[in-house]
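The values are calculated or read from the model by the stated rules, or taken from the named source; none is laboratory data. Keep in mind that what you see is a predicted model, and the values were worked out from it rather than measured. FYI the Cβ positions are ideal-geometry reconstructions off the backbone, even for glycines, and counts take in every protein chain you see. These accessible areas exclude ligands, DNA and RNA; they are computed on the full protein's heavy atoms, side chains included. Shrake-Rupley method; radii C 1.70, N 1.55, O 1.52, S 1.80 Å.
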Amino acid sequence: MIAGWLKAGVFEAGKGFAPTEEGTPQGGIISPLLLNVALHGLEEAAGVRYQDGDATLVEKDSPALVRYADDFAACCHSRQQAGRVKARLAGWLAQRGLSLNEDKTRIVCLTQGFDFLGWNIRRYRNGKLLIKPSQAAVRRHRQRLAKEMRTMRGSNALAVIVTLNPVIRGWTAYHRSQVSSGAFASLGNYMWKLTWKWARHSHPNKGRRWVAARYFGKFNAYREDRWVFGDKDTGACLVKHPWTAIRRHVMVKGTASPDDPGLAGYWRYRRDKHGPPLDAHTLALLARQGGNCPLCGDHLLDTSHLPGSPEEWQDWWMSTTRQHIQPAPGGPGSPGRDGERNAKPATALMHASCHRALKARQRRSTAPLQPAMS
């Protein structure tokens, strides 16, 4: 299957089909798979030894290694051991035509800390090991928010909300499993300053009270916060970083793989018990809908292969939308037999593309008929 994938070729918009006789496209989705195949056995090469075959516990004097695609971190007991592990891995990689990136490879003490996959891993003076969003990741996120707000000058509040909500939700979904409360609070304050600056720039001739009354209020009925940025016409509001609750990541047992058919029950139990890193309302909607879009019936989220980066979570949020739908006759919320109770529209999670197609069909069905041409 992998060989067929490699030889399948690529299609680029505007350029057409191109064969792939050797190599892979830069940034292609097959690259992580090929790296996992090529780097399989990296832990054994580093000298990692596990206790009684348990892949979550290493021997007392053994190094520990964590790898994600081609990024990995080896935790050792001493600088000398780290040097030996680095030399062993360099020899092991050389046999496969690979080499360490010396510009990105360094040996540091854990009390100094290091960045890995957007997180900072460091042991502090009190002896606690904390994993927090790295300063570089927070800085990139701030720059992204500021850039989006600058481009939205001249737009209305709803456009700001639609643009920034997926960005905020995607970033917090990725970082909510670690010690991120401080970073979320700081980003929440920063986002308030950006929205206030945007509102003041949109109405330079209006006073502060007028601007505050127009764009800020208790738009989230579930929170006692009157400084929520929102749109009065639609009731939509901009989510805040601190609204995302921290949920710790639960370690996978041993060497369990989602691709092992014999472990389908374990992964099903794990998905049902822990669920994806989403807010309670979204999880409730997914559970009520069976995880499917009410318009097309396809899955909204593949829980066996969740997004693995803030950008992927952002793409998922941009591809989904919450909308009110009219319940079917006889269903929950529909009118009773005596007609005394009116049907109330229910909130549903659906594909954004399906919602756009539905709106297009509704516009065509209600468009006035054009006179026939003689």
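Things to note:
- Inverse mean reciprocal Cα-Cα distance (Kirkwood Rh) of region 156-272, Å: 16.8
- If R0 is taken as 30 Å, the Cβ-Cβ distance between Ala13 and Ala136 corresponds to a FRET efficiency of 0.40.
- Gain on full stretching of the segment that runs from Asn292 to Ser181 - 0.36 nm per residue minus C-alpha separation: 36.8 nm
- Exposure of Thr255 as accessible area (Å², to 10), given a probe of 1.4 Å and all protein chains: 120
- Put a plus charge on the Cβ of each Lys and Arg, a minus charge on the Cβ of each Asp and Glu, and nothing anywhere else: the dipole of the chain about its Cα centre is then about 2080 debye.
- Contour excess over end-to-end distance, with Cα ends at Gln362 and Ile29 and 0.36 nm allotted per residue: 116.2 nm
- Spin-label model distance (nm) - His281 vs Asn205, 7 Å beyond Cα toward Cβ: 3.6
- Among Lys253, Lys86, Lys218, the sequence by solvent-accessible area, most first, with a 1.4 Å probe is Lys253, Lys218, Lys86.
- Spatial separation of Cα centroids for region 71-112 and region 289-319, in angstrom: 36
- Candidate cross-link partners of Lys104 among the lysines, defined by an alpha-carbon separation under 18 Å and a same-chain spacing of 8 or more, comprise Lys86.
- When only alpha carbons of region 101-222 are considered, Rg and Dmax amount to 18.5, 57 Å.
- In region 35-76, the portion of solvent-accessible area held by carbon and sulfur atoms comes to 51 percent [1.4 Å probe, whole percent, DNA, RNA and ligands not counted].
- Taking the protein heavy atoms of region 95-161 in the context of the full set of protein chains, the accessible area attributed to carbon and sulfur is 46 percent at 1.4 Å.
- Semi-axis lengths, largest first, of the ellipsoid equivalent to region 18-117 are 27, 16, 13 Å, with √(5λ) applied to each eigenvalue of the Cα gyration tensor.
- Counting only DSSP H runs of at least 4 residues, each contributing -39500 (n - 2.57), and dividing by the residue count of the chain, the helix-based mean residue ellipticity at 222 nm comes to -12000 deg cm²/dmol.
- With coordinates expressed along the principal axes, the C-alpha atoms belonging to region 196-262 extend over 66, 24, 20 Å, beginning with the largest.
- By the rule of a C-alpha distance below 22 Å, with chain neighbours fewer than 8 residues away ignored, the lysines paired with Lys197 are Lys147, Lys206, Lys218, Lys232, Lys240.
- Accessible heavy-atom area order of Trp5, Trp316, highest first, probe of 1.4 Å: Trp5, Trp316
- In this simple spin-label model, placing a label point 7 Å from the Cα along the Cα-to-Cβ direction at both Lys218 and Ser257 gives a separation of 5.4 nm.
- Applying 1/(1 + (r/R0)^6) with r as the Cβ-Cβ distance of Trp227 and Tyr50 and R0 = 45 angstrom yields a FRET efficiency of 0.35.
- The residues of the chain have, on average, 66 Å² of accessible surface per residue, using a 1.4 Å probe with all protein chains present.
- Cα pair distances of the chain binned at 10 Å [whole percent]: 4, 16, 24, 25, 18, 9, 3, 1, 0, 0
- Straight-line cross-link reach from Lys253 at under 20 Å between alpha-carbon atoms covers these aspartates and glutamates, not counting any fewer than eight positions away in the same chain: Glu43, Glu44, Asp52, Asp54, Glu59, Asp272.
- Using only alpha-carbon positions in region 241-316, the gyration tensor eigenvalues give semi-axes of 21, 18, 13 Å once each is multiplied by 5 and square-rooted (largest first).
- Tail beyond 12 Å, pair distance distribution of region 65-104 (Cα, percent): 64
- Additional length obtainable on full extension of the chain from Leu110 to Thr151, 0.36 nm per residue less Cα span: 10.7 nm
- Residues Ile246 and Arg84, FRET efficiency given R0 of 45 Å [Cβ-Cβ distance, rounded to 0.05]: 0.75
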